[in-house]
Amino acid sequence: MDFLNFLEFKITDVIDIFLVAVLLYYIYKLVKGTVAINIFIGIVIVWALWKLTELLQMKMISSMVGGFMNIGLIALIIVFQQEIRKFLLLIGSTNFARKRGFMRHFKFLKQDALSLETNVDAIIGACKNMGMSKTGAIIVIERSNSLDFVKSSGDKMSIEVTQPIIESIFFKNSPLHDGAAIVQDNYITATRVILPVSNERNIPLRFGLRHRAAVGITEKTDAICLVVSEETGLISYIKNGEFVLYKGLDDLTEKIKRDLA
């Protein structure tokens, strides 16, 4: 009987460790590459100090740090507002229940055979040509979080991703060029989509509404975004609400493929 109790404790302990590891992984994924990572590290240090003072029975400083931690929860909700929103979207995403989305959350499981790999080369090729002709474009590539809440603002499609199709969508005289195109797997699932615009004040003034919309959707979801500037023809890659630097189109292609893997 004692052996069974010991075995049951060990199993639940392993499950507990696994769930904590998954939770920490997603928290790290949400704050990685942002200023929030430094705040997160600071919180961990303060929490470790609190537990250390409790262990050493230093009652005065322990009560002070403990009070700070308890009151600071409200401040943390404000500071991590975007990250908490993205985390809740990740948990509540309709894609989480789908085979493709579920498999993508657990890399060690084989992905659904019906899921098609996004043709990144075609997307980059189209962006290159549109950049040369200074044709404005915004392409949102869906990952784990569902983008159904923005797709409804545009025209639903089901077109396989090809370079000519993308260029024809954003052609200046095309009725579909105004707004964003949503890519899911290897299909364009919506065009003329209206995206939430970011209110972030750190975005340089030289970037217009397309870039602010790209920052906005990547702040609220884990989608990635490509924007072609109508003024300069430059291609911007935006992820987690931030502009990602790249050395050239080959480097950009590899970055996107890694982010979609």
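The values are calculated or read from the model by the stated rules, or taken from the named source; none is laboratory data. Computed from a prediction, not measured in an experiment: that's the story for all the values here. Cβ coordinates were reconstructed from backbone atoms using ideal geometry, including for glycine residues, and neighbour counts include every protein chain displayed. These area figures cover heavy atoms from the full protein model, side chains too; ligands, DNA and RNA do not enter into them. Shrake-Rupley method; radii C 1.70, N 1.55, O 1.52, S 1.80 Å.
Things worth noting here:
- Residue that is in contact with a helix residue (DSSP H, G or I) (Cβ under 6 Å, 6 or more places away or on another chain) and in contact (Cβ under 8 Å) with a residue 24 or more places away in the chain, where the choices are ILE224, ILE217: ILE224
- Test: SER133 is under 23 Å from LEU24 (Cβ atoms), open to solvent by less than 80 Å² (accessible area, probe 1.4 Å) and at pLDDT 70 or above: no
- Candidates PHE3, PHE18, PHE40, filtered to the one that is of a type outside the set (D, E, K, R), more than 30 Å from VAL244 (Cβ to Cβ), at pLDDT below 75 and part of a helix (DSSP H, G or I): PHE3
- Single residue of the range 174-207 satisfying the filter (among the charged types (D, E, K, R) and under 20 Å from LEU234 (Cα atoms)) that is surrounded by the fewest Cβ atoms within 10 Å (Cβ to Cβ): ARG206
- Qualifying residues in the range 221-261 (those that are small (Gly, Ala, Ser), open to solvent by 10 Å² or more (accessible area, probe 1.4 Å) and closer than 18 Å to TYR26 by Cα) - the one nearest to the chain's Cα centre (by Cα): GLY241
- In the range 227-261, the residues that are under 16 Å from GLY136 (Cα atoms) and in contact (Cβ under 8 Å) with a residue 40 or more places away in the chain: VAL227, VAL228, SER229, GLU230, GLU231, THR232, GLY233, LEU234, ILE235
- Residue in the range 225-236 that is farther than 19 Å from ALA122 by Cβ, of a type in the set (Ser, Thr, Tyr) and assigned to a loop (DSSP other than H, G, I, E, B) present: yes
- Residues that are open to solvent by less than 30 Å² (accessible area, probe 1.4 Å) and at pLDDT 90 or above within the range 153-169 comprise VAL161, ILE166, ILE169, listed in sequence order.
- So LYS29, is it assigned to a helix (DSSP H, G or I), more than 25 Å from the chain's Cα centre (by Cα) and either modelled with pLDDT of 75 or more or of a type in the set (Lys, Arg) (or both): no
- Test: GLY208 is under 21 Å from ILE166 (Cβ atoms) and either modelled with pLDDT under 90 or more than 19 Å from the chain's Cα centre (by Cα) (or both): yes
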